[in-house]
Amino acid sequence: IYHDAILYMGQVMAQLRPEVMFDDPFFLHGGQERYSILPWLLGKMALSATLPPLFLLGTLASLFLFAFASWYALSAMLPTKQRYWAWLGVLLLPSIYGATRIFSYNENFLTARPFAEVLCLLAVGSFVRKRWLSGGACIVFAALLHPLQALSAGMVMWTWASIKDRRWLHALWAAVPVLLLAFADVEPFDGLLHSFDPEWLAASRTSTHLFIAGWEYTDYTVLFFDAILLAIGSRLLSEPMRRWCFAGLVGLCMGIGA
């Protein structure tokens, strides 16, 4: 139990012993449990299991599920001879992304991110196979686990769908009720339109990954390398992988721009 899994362990312990934990400053004003159902699910499981094996088996399950979900997506996109090499690359090559080398997909500790990644990959595989209902359900469940992962994958999937059918552009109307809820200060949308106060902004600027202006040279090389690979794939690969590479490139630009 290390890295961000420590935070989830604390949130599980808070459910098991609320009279002790909820007076702690870490829980006093709410944390990640406001945005993810995973702490609640782990809390229910912890009623019949101790935390070490629960987190160990949960991590193991996320690794196997990621292997299955990545194969499910790639097998729908690539020819038979290519999908095996691509799958091995996903599983074996370095999985870092973003800044400071602390972010990676398919993490080997228990958080909401790996399970959300699994659901997003299942959604991609389902959409390629035109299983719209199951794909949409996967994205909804991914958002319940980790909204940021679902948002990132959703931008790529929306771009891919819009390339095939411009009517998907009407999905932008969904932003209207979200903005209205933000104006009305309805949780969890109330923070979307809040600005940083000077003290919190100064403290946040000490983070080396929050603002891209504070990234190091090596962080930009990883970003540009990913962009170049996606650009090459969008020109040289066959369909439907070519369109997914282009959608990934557009999604990357939208995400970094945001």
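The values are calculated or read from the model by the stated rules, or taken from the named source; none is laboratory data. Remember, it's a predicted structure, so these values are computed and weren't measured experimentally. Every residue, glycine as well, gets a Cβ built from its backbone with ideal geometry; the counts of neighbours run over all protein chains shown. Heavy atoms of the whole protein, side chains included, go into the accessibility calculation; ligands, DNA and RNA do not. Shrake-Rupley method; radii C 1.70, N 1.55, O 1.52, S 1.80 Å.
Worth pointing out:
- Cα pair distances exceeding 20 angstrom across segment 99-207, given as percent: 56 percent
- Radius of gyration over Kirkwood radius for segment 133-258, both on Cα atoms: the Rg/Rh ratio is 1.02.
- For chymotrypsin sites (Phe, Trp or Tyr not before Pro), the sites in segment 146-234 that DSSP calls loop and that have at most 11 other Cβ atoms within 10 Å are F196.
- Gap separating the Cα centres of segment 55-78 and segment 116-158, nearest whole Å: 14 Å
- Distant-in-sequence amide H partners of F103 (H built 1.01 Å from N, under 5 Å): Y97
- Across segment 65-74, computed HN-Hα scalar couplings (Karplus, 6.51 cos²θ - 1.76 cosθ + 1.60, θ = phi - 60°) run 5, 5, 4, 5, 5, 5, 5, 4, 6, 5 Hz from first to last residue, x flagging Gly and Pro.
- The mean of 1/r over all pairs of different alpha-carbon atoms in segment 84-147, once inverted, gives a Kirkwood hydrodynamic radius of 12.9 Å.
- Over segment 6-130, the pair-distance histogram of Cα-Cα distances with 5 Å bins from zero comes to 2, 10, 16, 18, 17, 13, 10, 7, 4, 2, 1, 0 percent, rounded to whole numbers.
- Probing with 1.4 Å while keeping every protein chain in the model, the per residue accessible area of the chain equals 61 Å².
- Whole-percent carbon and sulfur share, accessible surface of segment 1-131, 1.4 Å: 70 percent
- The value given for the chain is a Kirkwood hydrodynamic radius of 20.2 Å, derived from the mean inverse Cα-Cα separation.
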